[in-house]
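Values in this text are rule-based calculations from the coordinates and carry no lab data. Keep in mind that what you see is a predicted model, and the values were worked out from it rather than measured. Heads up, the Cβs are rebuilt from the backbone with ideal geometry, glycines too, and the neighbour counts pull from every protein chain shown.
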Amino acid sequence: MNISLSELDETRFGVVTAKANLDGQDNLANVTRWCVEKGVEFLIARIPVEDVYLVQDMESSGFFLTDTLIFYKNAQVNESPCNSPEGYSWRLATERDAGEVGILSEKIFNNYHGHYHADRKLNKSDCDSVYSSWAVNSCLNKNFCDAMIIIEFRTAIVGFLTVKTVGHEICEIVLNGVDPNFQNKGLYALLISLAKKWALERQLKAVIVSTQLNNLAVQKVWCRQGFEPYKSFYTFHKWFAK
Ligand SMILES: CC(C)(COP(=O)(O)OP(=O)(O)OC[C@H]1O[C@@H](n2cnc3c(N)ncnc32)[C@H](O)[C@@H]1OP(=O)(O)O)[C@@H](O)C(=O)NCCC(=O)NCCS
């Protein structure tokens, strides 16, 4: 059983929060017992889509579905063009970019369709701030990512993507998005090309990335750039009576 308390979420939502990565071998009664012992009020649980019997047990035990995540992998990264359109340029972010990236993330992830926003009990502006504070932390703290690639239009940051090495010769694209005023110009495709370039320069062979099943825009870009779907997870929430 892989479960732990989440201080970040507790601070943000004001309730004792735990996060679990479950699989078909886990016993739901043990999960519940652990939560009761730790005084957990809010549990976020991920489970592989194929572990359908445990999924059904969760459904009949007060867990409710909040999103479905699909992972893609580019197992043999190759180079693709990284030409910036006129007026645009790219570079790696530094700590000094944290403030601007935070404000940009508020715009990008306003009312985003992630699992937090899907929970009616959570305040929507608290859910928005999950992503903006995550983006700020990604600029300031190397535990969150190895690098943040940003695209600028003139001197304003209009898109960003974070990458983190997660295993032997493999990195993950973690948080990414484009300013709503600059979407549909191919900037996200450029960010993905730049992430592949970043990986290749570090002799990393594979890149993984994930999103909600209904985020079609990013999946279209990934498929065009050599990524293939390889695993999927449901996210469930459960609230415990105090
Ligand atoms: C998703 C997102 C990154 C796309 O950025 P973008 O710079 O507009 O993307 P691009 O211009 O490179 O291309 C996106 C492609 O998806 C298409 N697209 C855009 N919105 C779409 C939608 N709702 N459904 C299907 N396709 C869509 C675009 O038309 C384009 O395809 P095309 O080349 O055939 O025209 C941006 O909309 C965004 O930041 N969204 C909110 C945050 C987010 O989803 N982040 C990613 C989390 S994994």
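In terms of the mean number of neighbouring beta-carbon atoms within 10 Å, the peptides 139-147, 207-215 order highest first as 207-215, 139-147. Amide H contacts of Leu204 (H built 1.01 Å from N, in plane; Pro and chain starts excluded): no residue 5 or more places away or on another chain comes under 5 Å.
Other residues whose C-beta falls under 14 angstrom from the C-beta of Thr32 contribute a net charge of -1, scoring Lys and Arg +1 and Asp and Glu -1.
Using only side-chain charges placed at the Cβ, +1 for Lys and Arg and -1 for Asp and Glu, the dipole size of the stretch 171-242 relative to its Cα centre rounds to 120 debye.
Projecting the Cα atoms of Asn2, Met58, Phe13 onto the charge dipole of the stretch 2-62 (Cβ charges, centred on the Cα centre) puts Phe13 farthest toward the positive pole. Among the listed pairs Lys107/Lys197; Lys107/Lys142; Lys38/Lys107; Lys185/Lys238, those whose Cα-Cα separation exceeds 31 Å are Lys38/Lys107; Lys185/Lys238. When each of the peptides 173-182, 55-64 is scored by how many other beta carbons lie within 10 Å of its residues on average, the order from highest to lowest is 173-182, 55-64. This model, with +1 at the C-beta of Lys and Arg and -1 at the C-beta of Asp and Glu, gives the chain a dipole about its Cα centre of some 320 debye. Partners of Lys231 within straight-line reach, counting lysines whose Cα lies under 18 Å from its Cα and excluding those fewer than 8 residues away in the same chain: Lys73, Lys220.
Near Trp90: Cβ cut-off under 12 Å, other residues only, Lys/Arg at +1 and Asp/Glu at -1. The net charge is +1. Globularity index of the chain is 1.06 (Cα radius of gyration / 2.2 N^0.38 Å, N = number of residues).
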